[in-house]
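Quick notes on the structure that follows.
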Amino acid sequence: MSTRQIQLDSGGQLHHFISIEGLSREILTDILDTAENFATVGTRQVKKVPLLRGKTIVNLFFEPSTRTRTTFELAAKRLSADVLNLNISTSATSKGESLLDMLHNLEAMHCDMFVVRHNQSGAAHFIAEHVAPHISVINAGDGSHAHPTQAMLDMFTIRRHKPDFTSLRVAIIGDIKHSRVARSQIHALNILGVPEVRVIGPQTLIPPEASHLGVHIYHSLEAGLQDVDVVLTLRLQRERMEGALLPSEAEFFARFGLTEAKLKLAKPDAIVMHPGPINRGVEIDSAVADGPQSVILEQVTNGIAVRMAVMSMVLGRPPQSGEESR
Amino acid sequence: MSTRQIQLDSGGQLHHFISIEGLSREILTDILDTAENFATVGTRQVKKVPLLRGKTIVNLFFEPSTRTRTTFELAAKRLSADVLNLNISTSATSKGESLLDMLHNLEAMHCDMFVVRHNQSGAAHFIAEHVAPHISVINAGDGSHAHPTQAMLDMFTIRRHKPDFTSLRVAIIGDIKHSRVARSQIHALNILGVPEVRVIGPQTLIPPEASHLGVHIYHSLEAGLQDVDVVLTLRLQRERMEGALLPSEAEFFARFGLTEAKLKLAKPDAIVMHPGPINRGVEIDSAVADGPQSVILEQVTNGIAVRMAVMSMVLGRPPQSGEESR
Amino acid sequence: MSTRQIQLDSGGQLHHFISIEGLSREILTDILDTAENFATVGTRQVKKVPLLRGKTIVNLFFEPSTRTRTTFELAAKRLSADVLNLNISTSATSKGESLLDMLHNLEAMHCDMFVVRHNQSGAAHFIAEHVAPHISVINAGDGSHAHPTQAMLDMFTIRRHKPDFTSLRVAIIGDIKHSRVARSQIHALNILGVPEVRVIGPQTLIPPEASHLGVHIYHSLEAGLQDVDVVLTLRLQRERMEGALLPSEAEFFARFGLTEAKLKLAKPDAIVMHPGPINRGVEIDSAVADGPQSVILEQVTNGIAVRMAVMSMVLGRPPQSGEESR
């Protein structure tokens with residue numbers, strides 16, 4: 001079954017959230033609008049809404065990730081759900097239990113949602129294909145394939161600063177080839193109607209298929225940054241590189257690191273983003289990361305709201321109009 | 001003090017749950033009936049009841065177990081208790097703190113219940129003997145001694161399919177010698193009035209004392225399965241075997257693995273059970289594990305209800321009639 | 001900024017809790033009085049108050065500690081807060097994320113409080129200097145510097161038995177040099193007006209600067225215990241000792257171990273305390289630890305109430321008069 005088909009239920013509502021690819025502009029906009037309703041929850045005295053009370057959400061992490069797990073855990077707790085953290089490397093698989101048996105056991109315990117992180121591309125899709133109909137699966141990053149909630153929090157952050165996607169020029173810098181984040185960002189930007197998406201990086205880190213995605217390829221940071229509204233930097237995924245695709249981090253920084261001088265080539269009101277954690281002095285200079293055009297910490301804040309939105313939507317319990325915006 | 005005496009308070013109510021042995025048919029039936037009250041909680045929109053709100057339950061796991069810990073944690077959370085997970089190998093004992101000092105410290109923190117898993121037989125009993133009177137201890141598996149909540153969820157599952165224990169013929173297949181599950185199952189079946197309990201396995205895996213438990217011993221799977229109503233398979237506890245009690249897994253499967261062909265020797269409506277996790281192709285064939293007579297995933301579901309029942313009973317707060325069955 | 005200044009907000013209220021040093025007698029007494037309001041929560045049927053509902057508290061442990069983490073976690077849960085446990089050695093720092101970036105990310109997630117444990121003296125102060133104004137930091141032990149909540153639970157326990165601090169003679173025995181507990185206790189005793197504080201230990205374990213703290217130094221246990229009201233024993237921090245400061249544990253026990261015979265030198269109604277975990281037969285004899293003058297387990301119980309008090313105070317939500325004492 002295609003990822004598009006598997007993500008929507010028969011009524012066209014979001015049931016799993018595996019990939020941006022194949023979703024409609026309406027669905028993405030719905031996620032962003034729902035997240036707006038949750039954005040104020042984090043600043044209240046009582047940072048909790050009862051929408052998912054009595055639901056059981058399992059963080060199924062086959063790959064360690066403190067940051068992503070933390071934001072999903074906080075989002076779930078602020079929705080009043082019960083959260084179970086399973087770190088699978090130290091778990092039942094060591095007793096020889098197969099992945100599917102483990103999933104069926106969690107289903108039998110009446111869990112409602114699996115938030116899946118895995119170092120294999122396609123893992124979340126595979127799990128979504130095999131779970132019981134009442135369970136929703138959210139992809140929290142699979143190999144180099146997709147990281148859709150990251151892309152949606154990026155879109156949310158962009159929209160808050162640049163409300164009209166159809167007038168934007170957006171550049172993504174760095175290791176496009178290994179980045180699930182970049183892949184999901186490109187799909188989201190295309191679907192939301194951004195007319196010009198650029199990818200910037202050395203030839204070794206831009207995959208040949210990039211051009212099929214409708215992006216413009218630049219191998220010069222200076223050329224690629226010209227007049228852009230949004231600069232999306234990427235973490236250099238050192239742990240994911242095989243072989244010597246790069247001469248050195250110092251050389252990468254010299255050619256593709258985002259400095260204040262280079263950022264001046266973009267529009268004066270351009271915003272700078274990064275999915276974190278940052279390698280300071282490798283893909284971005286501290287002066288930029290901490291500078292006035294950086295919205296990197298806003299991305300983190302927005303990540304909670306966007307994940308609350310997706311979690312409540314896939315369980316069919318988005319906030320009613322006015323309910324969460326009070 | 002005998003385990004029987006230690007488990008009941010002066011009013012004859014369950015205070016600890018260490019072992020099936022020595023409990024009355026009334027107590028076991030009471031657990032099953034209480035679990036029926038909780039069985040619907042898992043299917044509600046809001047899977048939570050407030051019975052143990054403000055209680056503190058400690059999962060005291062001296063032996064790793066994702067599955068058992070998960071079910072106890074979910075059961076506790078659905079009763080609205082606060083749960084503390086302590087994995088003791090990575091904890092205070094490395095600072096030289098004695099087990100008893102650790103227990104007394106947890107008592108002093110006003111914890112209400114210890115769910116204990118330990119690789120030494122008798123550990124839960126020892127702890128129950130030494131805790132303060134207001135604390136309840138539940139045995140979540142101790143060495144090769146007992147696993148009473150597993151046995152009760154098995155009895156619950158049997159009763160749902162075969163309501164009259166006094167007319168049943170039940171077979172337990174596999175490594176009886178090392179199995180705390182088998183030991184607890186045999187006691188429960190005897191107490192609940194099952195007239196014929198059989199154990200089936202190679203001579204090396206059936207302990208000499210088995211015959212004292214009133215079971216019939218079979219060394220042939222074909223003979224033992226004849227006309228039984230319930231087939232209880234066991235996990236081959238490879239990690240618990242010392243020395244070469246078995247020629248090979250392949251040979252074990254050839255002689256004692258449950259296949260569709262062999263299952264035909266049992267009654268046509270016989271049910272097949274397994275405590276999990278399954279070694280497919282070792283003690284059970286996938287066609288049987290996933291087949292129409294398998295109730296293995298029901299066991300998992302029922303495990304939550306049975307643990308909720310035991311937890312609420314030992315804390316003296318079972319649901320009132322009608323309260324949880326709504 | 002001095003630790004005193006950083007701990008209080010502009011209205012003189014406690015905002016961080018990093019060190020006893022520099023706080024006023026009024027603030028310390030306020031903590032003790034607030035803890036009295038929480039002391040009964042642990043004995044209720046429902047051990048929960050809604051004061052910090054919807055707040056997010058992060059246990060930021062850079063050094064493993066089951067016991068301290070557990071008491072903070074229980075205190076937070078009984079205040080109805082959401083708790084996030086981050087064990088940093090196994091976390092984001094392995095991806096090269098700097099400490100400050102991690103803190104700013106947690107801030108951006110709208111966390112409200114960091115409970116910090118670190119093996120470097122000054123770590124909690126450093127973090128308090130760098131967090132956003134809305135976040136409170138509680139020091140749960142930093143190197144050999146301070147452990148202020150431990151000292152306050154000790155003061156609370158003393159006051160329950162000996163209500164007038166200004167008439168007490170208190171002895172602290174053991175490894176003063178490496179003990180953050182002793183350092184915080186001495187400051188608290190001084191501030192609360194205890195007229196005579198003694199430290200007792202071998203020359204190698206009493207730092208030269210001890211005399212500046214207004215304490216009396218004894219190298220003989222017999223002399224130092226004479227007529228004291230309170231005996232504070234310390235854990236022998238074997239893991240923190242560098243080189244051969246001690247001949248052997250047996251010799252330490254012979255000279256400085258607290259036995260029943262030696263305790264007779266103190267006042268007949270003297271109380272004996274220990275921060276735990278105990279090395280039985282090293283710094284204290286079991287007969288004393290478990291004897292009638294020991295209040296060691298009361299300390300553990302009081303630790304929950306004191307931590308609930310500090311947590312509610314730094315977030316500006318102490319219980320209203322009468323609210324928690326019902």
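The values are calculated or read from the model by the stated rules, or taken from the named source; none is laboratory data. Given the structure is predicted, the values throughout are model-derived calculations rather than measurements. Quick reminder, even Gly has a Cβ in these numbers, built from the backbone with ideal geometry, and neighbours come from all protein chains shown.
The lone criterion from (1) within 15 Å of A:GLN150 (Cα to Cα); (2) assigned to a helix (DSSP H, G or I); (3) not charged (D, E, K, R) left unmet by A:GLY276 is number (2). Looking only at residues of segment C:136-193 that are modelled with pLDDT of 95 or more and hydroxyl-bearing (Ser, Thr, Tyr), we find that the one that is surrounded by the most Cβ atoms within 10 Å (Cβ to Cβ) is C:THR149.
Residues of segment B:103-146 that are β-branched (Val, Ile, Thr) and assigned to a helix (DSSP H, G or I): B:ILE127 alone.
Every residue, every condition in (1) under 19 Å from the mean Cα position of the chain (by Cα); (2) part of a helix (DSSP H, G or I), yes or no:
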position	(1), (2)
B:PRO163	no, no
B:LYS177	yes, no
B:VAL181	yes, yes
B:HIS187	yes, yes
B:VAL194	yes, no
B:SER211	no, yes
B:LEU236	yes, no
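Pairing each residue of segment B:270-284 that is among the acidic types (Asp, Glu) with any residue that is crowded, with 22+ Cβ neighbours inside 10 Å and at pLDDT below 90, provided the two are 6+ apart or on different chains, yields C-beta distances under 7 Å for B:GLU283/B:LEU236. Here B:LEU86 clears all of (1) among the hydrophobic types (A, V, I, L, M, F, W, C); (2) assigned to a helix (DSSP H, G or I); (3) touching a strand residue (DSSP E or B) at 6+ places or on another chain (Cβ under 9 Å) except the condition numbered (2). Among the residues making up segment B:285-297, those that are surrounded by fewer than 23 Cβ atoms within 10 Å (Cβ to Cβ), in contact (Cβ under 8 Å) with a residue 12 or more places away in the chain and of a type in the set (A, V, I, L, M, F, W, C) are B:ALA287, B:ALA289, B:VAL295. Residues that are away from every other protein chain (no Cβ under 11 Å) and crowded, with 20+ Cβ neighbours inside 10 Å within segment C:35-50 comprise C:ALA35, C:ASN37, C:PHE38, listed in sequence order.
If only one of A:ALA140, A:ALA124, A:ALA76 is closer than 30 Å to C:ALA81 by Cα, away from chain B (no Cβ under 14 Å) and of a type in the set (A, V, I, L, M), which one is it? Lay out the reasoning, then the answer.
Details: A:ALA124 fails: closer than 30 Å to C:ALA81 by Cα; A:ALA76 fails: away from chain B (no Cβ under 14 Å).
That would be A:ALA140, the only listed residue that is closer than 30 Å to C:ALA81 by Cα, away from chain B (no Cβ under 14 Å) and of a type in the set (A, V, I, L, M).
A residue that is touching a His at 6+ places or on another chain (Cβ under 6 Å), of a type outside the set (S, T, N, Q) and on the phi < 0 side of the Ramachandran plot can be found somewhere in segment A:171-183. Select from segment A:298-326 the residues that are crowded, with 24+ Cβ neighbours inside 10 Å and at pLDDT below 95 and list them in ascending order. Once the filter is applied, which keeps residues that are crowded, with 24+ Cβ neighbours inside 10 Å and at pLDDT below 95, segment A:298-326 yields only A:PRO318. When segment A:70-80 is filtered for residues that are in contact (Cβ under 8 Å) with a residue 60 or more places away in the chain and within 30 Å of A:LEU100 (Cβ to Cβ), the ones remaining, listed by number, are A:THR71, A:PHE72, A:LEU74, A:ALA75, A:ALA76, A:LEU79.
Taking the stated definitions as given, is A:SER19 over 23 Å from B:VAL41 (Cα atoms) and outside the structural domain of A:ILE191 (by TED's automatic domain parsing)? Working first, answer last.
On the way: over 23 Å from B:VAL41 (Cα atoms): yes; outside the structural domain of A:ILE191 (by TED's automatic domain parsing): yes.
Criteria met by A:SER19.
Of all the listed residues (C:LEU103, C:LEU213), the sole one being crowded, with 20+ Cβ neighbours inside 10 Å and at pLDDT below 95 is C:LEU103. In the set B:ASP82, B:ASP112, only one residue is within 30 Å of C:VAL288 (Cα to Cα), of a type in the set (Asp, Glu), within 11 Å of chain C (Cβ to nearest Cβ) and in contact with a Lys or Arg (Cβ under 8 Å, 6 or more places away or on another chain); that residue is B:ASP112.
Checking each residue in segment A:193-233 for being on the phi < 0 side of the Ramachandran plot, small (Gly, Ala, Ser) and out of contact with any strand residue (DSSP E or B) (no Cβ under 9 Å at 6 or more places or on another chain) picks out no residue at all.
Only residues that are within 17 Å of A:GLY303 (Cβ to Cβ) and without any contact (Cβ under 8 Å) to a residue 24 or more places away in the chain were counted across segment A:22-59, and they come to 2. Among the criteria (1) more than 7 Å from every other protein chain (Cβ to nearest Cβ); (2) in contact with a Ser or Thr (Cβ under 8 Å, 6 or more places away or on another chain); (3) outside any helix (DSSP H, G or I), the one A:ILE57 does not fulfil is (2).
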